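Take a look at the structure below.
The values are calculated or read from the model by the stated rules, or taken from the named source; none is laboratory data. What you see is a predicted model, and the numbers here were worked out from it, not measured in a lab. Here the Cβ positions follow ideal geometry from the backbone for every residue, glycine too, while neighbour counts run over all protein chains shown.
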Amino acid sequence: MCTSVSVAIHPSQFPEAVRRDLLTSLRTRQVNHKFHYDSVKQTQKWLALHEAHSPARYDANCLKTYERAFAESISAIKARQIHVVGLGCGGGQKDAQLIQQLQALGKKVFYTPSDVSTAMTLVAREAMLKLMPAQHIFPFVCDLATANDLPTELFARSPQSAARLVTFFGMIPNFEPRQILPKLAELLRPNDALLFSANLAPGKNYAAGMEKILPQYDNPLTRDWLLAFLFDLGVAASDGQFHFSIETGGLGLKRFVATFNFRRARQITVSGETFSFARGESMRLFFSYRYTPKRVTKLLANHGFEVGGQWITTSEEEGVFLCRKG
């Protein structure tokens, strides 16, 4: 039987806000990452990429690292009711693994899958229906970068007595850390916790580690996913060339950057506004920071978090950090 689903959509993802952010992306030649998850087609492309290249999908040690991090993190939680909020929930696989462990301890769990993509939020909700009743799931679509009332909105539908366990898996690479970390800090009360994952550059040499994992980004599936944004606007593959590079950004952090370099002039018209791209001009489609464990813990401390535990994969490409308010 077909049933409807109630999804709360924050004003940061109302049509006018999305239109404004799209026009800003084109004016600045820097694409807001949310536009790579905007449609069902893009969501499916991202899920295919995730299946092929995410260590969480093919690296058994990565899965065990998360399992160990979850078990050790939740063992000290005394509350009987837990509200898990999955920020940037994606397909919800890691949140589901966490919730299964909470339920095994006899906890009553509520879940808010939250993503900038309505399609992705619904995918996570669907995955969670195997573990809990629909009335305990509160799908919430928002833009984390621009929403300023998250502490109120995210927890509006769960019991106030429930302890908060916020997850932020695989998201920090696509944000400027000084922009997003204060927002995460606002969500936590003294006894709440944040489970935070960071993509890492392996080895002792930061630059060499970046070069080693470049193929995880510079590959056909990533190109197909990122270029969908431009192609949907009318740009043709022959209009330019896709390029991946490594650059050093703010705070001395290194990141991968994807650009589309125009080989010929092209005009794009959106909402009655025309954008002209000259030959030789570039548009930044994407960036992804990579960290080291020491850089992560220092950054978190600078924003008022105490790191109570960290779990690093054998490959040194991913880490999970348990954080509380300092």
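General remarks:
- All conditions but one from (1) under 27 Å from V31 (Cβ atoms); (2) without any contact (Cβ under 8 Å) to a residue 40 or more places away in the chain; (3) of a type in the set (K, R) apply to R178; the one that does not is (2).
- Residue check, P220 within 19 Å of T259 (Cβ to Cβ), out of contact with any helix residue (DSSP H, G or I) (no Cβ under 8 Å at 6 or more places or on another chain) and touching a residue at least 60 places away in the same chain (Cβ under 8 Å): no
- Considering (1) out of contact with any Pro (no Cβ under 9 Å at 6 or more places or on another chain); (2) surrounded by 14 or more Cβ atoms within 10 Å (Cβ to Cβ), the lone condition that V7 does not fulfil carries the number (1).
- Scan of the range 144-200 for residues that are farther than 21 Å from A8 by Cα and of a type in the set (S, T, Y), ordered by number: S161, S197
- Of all the residues in the range 176-199, those that are in a helix (DSSP H, G or I) and of a type in the set (A, V, I, L, M, F, W, C) number 5.
- Applying the condition of being farther than 18 Å from I77 by Cα and outside any helix (DSSP H, G or I) to the range 159-175 and asking which residue is farthest from the chain's Cα centre (by Cα) yields F175.
- The criterion of at least 1 residues that are among the small types (G, A, S) and modelled with pLDDT of 95 or more is met by the following helices (runs of 4 or more DSSP H) wholly inside the range 13-126: 15-28, 60-74, 93-104.
- Qualifying residues in the range 271-294 (those that are of a type outside the set (S, T, Y) and within 19 Å of the chain's Cα centre (by Cα)) - the one surrounded by the fewest Cβ atoms within 10 Å (Cβ to Cβ): R284
- One residue alone among F242, F196 is crowded, with 19+ Cβ neighbours inside 10 Å and of a type in the set (F, W, Y), and that residue is F196.
- Yes/no for L221 being in a strand (DSSP E or B) and within 19 Å of the chain's Cα centre (by Cα): no
- T259, sole failed condition from (1) more than 15 Å from F175 (Cα to Cα); (2) not in a strand (DSSP E or B): (2)
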